[in-house]
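Colleague: What follows is a structure written as structure tokens; I'll ask about it next.
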Amino acid sequence: MAKILNFGSLNLDQVYRVDAFVQPGETKSSLSLETHCGGKGLNQSVAAARAGAEVWHAGLIGCDGEMLCDKLRENGVNLALLERSDGVSGHAIIQVDNSGQNCILLFGGTNQALTEAYVDRVLEAFGSEGVVLVQNETNLVGYIMRRAHEIGLQVAINAAPMNETVFSYPLDLVDWLVVNEIEGAAIAKCAQEAQILPTLQLKYPKMNVLMTLGKRGAICARGGESAKSGIYHVKVVDTTAAGDTFLGYFLNEALDGKRLEEALRLATAASSLCVQTKGAADSVPLRKDALFALESGALGSLGEWGGWR
């Protein structure tokens, strides 16, 4: 069983269903409004826990965040290292259009209020076995990575949302980098997609890379091993937590010693179930459901990897 300490963002998601995204200067009415628990950190903790990992979530919860704690707790995530703050929790305004695509506006809130003293307390309590997972939605990401590496923990980073801050992080300490093709190209400084993985492996020899390619599937490199996967062609309702679902499932399988092909296959099945359901954390499937969908053929045939652009 994988053991994961997730220093992850926690957001209250205000999800507006629209017929099309709001354009500059436009005012329009939404078709509906729902509030969900989200944030890349929370979604990934829920996904990894539902995939079967032992997950500890670290971060600050605001005065309005009891709903977030309840969501993590009901999914079996350990909250012993989570601390409360008088501030306001992170939140997101999300538009979801009729095709299931989304656009997201974030407010960091307590996600941006971590302190070095808090990070040190958490790492001391967690111990030196397992992996620390971070995303680019909290502060002190670089400090967390350095301290985790110093005490012997593996480091995994989902470099999203991608911005210039990522280049200040100690990427040479990363054991697992999870990116899409845009983020990967930015970090590798490559114009050609086919050169992203070779460039990253040359620059960061110890780094394992998982790169998702949307409808073209995903590709992964771990040491001298590599694997590719296409997607299942299913009806898309909402893509909000699909990438987080893929990451949580894949990371659990890879850390648990599974072959890359197996890890990609289960992660693809889980994310295919995810996109058929509205919401963020609530759309992440349980492991038993992902396994059943995979083994029963309920998702149809797995498509071929879509290749480079």
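Colleague: Looking at Leu133 and the list (1) within 23 Å of Gly257 (Cα to Cα); (2) part of a loop (DSSP other than H, G, I, E, B), which single condition is not satisfied?
Modeller: (2)
Colleague: Here's a follow-up. What number of residues in the range 53-70 are crowded, with 21+ Cβ neighbours inside 10 Å and more than 15 Å from Ala113 (Cα to Cα)?
Modeller: Summing the residues that are crowded, with 21+ Cβ neighbours inside 10 Å and more than 15 Å from Ala113 (Cα to Cα) in the range 53-70 gives 5.
Colleague: All but one of (1) surrounded by fewer than 17 Cβ atoms within 10 Å (Cβ to Cβ); (2) touching a strand residue (DSSP E or B) at 6+ places or on another chain (Cβ under 9 Å) hold for Pro205; which doesn't?
Modeller: (2)
Colleague: Going residue by residue through the range 285-294, is there one that turns out to be assigned to a loop (DSSP other than H, G, I, E, B) and within 21 Å of Gly41 (Cβ to Cβ)?
Modeller: Scanning the range 285-294, I find at least one residue that is assigned to a loop (DSSP other than H, G, I, E, B) and within 21 Å of Gly41 (Cβ to Cβ), so the answer is yes.
Colleague: Still on this structure, I have one more. Please pick out the residue among Glu137, Glu150, Glu129, Glu164 that is closer than 27 Å to His91 by Cα and surrounded by fewer than 21 Cβ atoms within 10 Å (Cβ to Cβ).
Modeller: Just one listed residue meets the conditions, Glu164.
Colleague: Would you point out which residue out of Ala92, Ala80 is touching a residue at least 24 places away in the same chain (Cβ under 8 Å), in a strand (DSSP E or B) and either small (Gly, Ala, Ser) or surrounded by fewer than 18 Cβ atoms within 10 Å (Cβ to Cβ) (or both)?
Modeller: Going through Ala92, Ala80 in turn, the sole match is Ala92.
Colleague: Can you say whether Leu12 is of a type in the set (A, V, I, L, M, F, W, C) and part of a helix (DSSP H, G or I), as far as the supplied structure shows?
Modeller: no
Colleague: Tally time: how many residues in the range 1-36 are among the acidic types (Asp, Glu), out of contact with any Lys or Arg (no Cβ under 8 Å at 6 or more places or on another chain) and within 30 Å of Asn139 (Cβ to Cβ)?
Modeller: 1
Colleague: Among residues belonging to the range 13-35 that are hydrophobic (A, V, I, L, M, F, W, C) and out of contact with any Cys (no Cβ under 7 Å at 6 or more places or on another chain), point out the one that is nearest to Leu123 (Cα to Cα).
Modeller: Val15
Colleague: Given the structure, is Gly39 free of Cβ contacts under 8 Å to residues at least 60 places away in the same chain, under 22 Å from Val119 (Cα atoms), buried (at least 19 other Cβ atoms within 10 Å of the Cβ) and not hydrophobic (A, V, I, L, M, F, W, C)?
Modeller: Taking the combined requirement at face value, the residue does not satisfy it.
Colleague: Considering each residue of the range 266-284, count those that are under 15 Å from the mean Cα position of the chain (by Cα), part of a helix (DSSP H, G or I) and not small (Gly, Ala, Ser), and give that number.
Modeller: Residues meeting the conditions: 3.
Colleague: How many residues does the range 24-44 hold that are farther than 22 Å from Leu294 by Cα, part of a helix (DSSP H, G or I) and modelled with pLDDT of 95 or more? Quick ask: steps written out before the conclusion?
Modeller: Going residue by residue through the range 24-44, those that are farther than 22 Å from Leu294 by Cα are 24-42.
Cutting the leftovers down to part of a helix (DSSP H, G or I) gives us 40-42.
If we keep only those that are modelled with pLDDT of 95 or more too, we end up with 41-42.
The qualifying residues number 2.
Colleague: Counting just the residues of the range 155-201 that are assigned to a strand (DSSP E or B) and touching a residue at least 40 places away in the same chain (Cβ under 8 Å), which one comes out nearest to the chain's Cα centre (by Cα)?
Modeller: Step by step, filter the range 155-201, then rank; the result is Asn158.
Colleague: For Glu74, work out the one condition from (1) touching a residue at least 40 places away in the same chain (Cβ under 8 Å); (2) closer than 24 Å to Ala267 by Cβ it doesn't fulfil.
Modeller: Of (1) touching a residue at least 40 places away in the same chain (Cβ under 8 Å); (2) closer than 24 Å to Ala267 by Cβ, only one is false for Glu74: (1).
Colleague: Also, quick follow-up: Of everything in the range 227-241, what is modelled with pLDDT under 95 and either assigned to a helix (DSSP H, G or I) or within 15 Å of Val178 (Cα to Cα) (or both)? Give them in sequence order.
Modeller: Correct list: Ala241 only.
Colleague: Under 7 Å by Cβ, and 6 or more places apart or on different chains, what pairs join a residue from the range 271-294 that is closer than 9 Å to Thr239 by Cα and at pLDDT 95 or above with one that is surrounded by 20 or more Cβ atoms within 10 Å (Cβ to Cβ) and acidic (Asp, Glu)?
Modeller: Val275/Asp238
The values are calculated or read from the model by the stated rules, or taken from the named source; none is laboratory data. Nothing here was measured: the structure is a model prediction, and the numbers come from that model. Neighbour counts run over all protein chains shown; Cβ positions are idealised from the backbone, glycine included.
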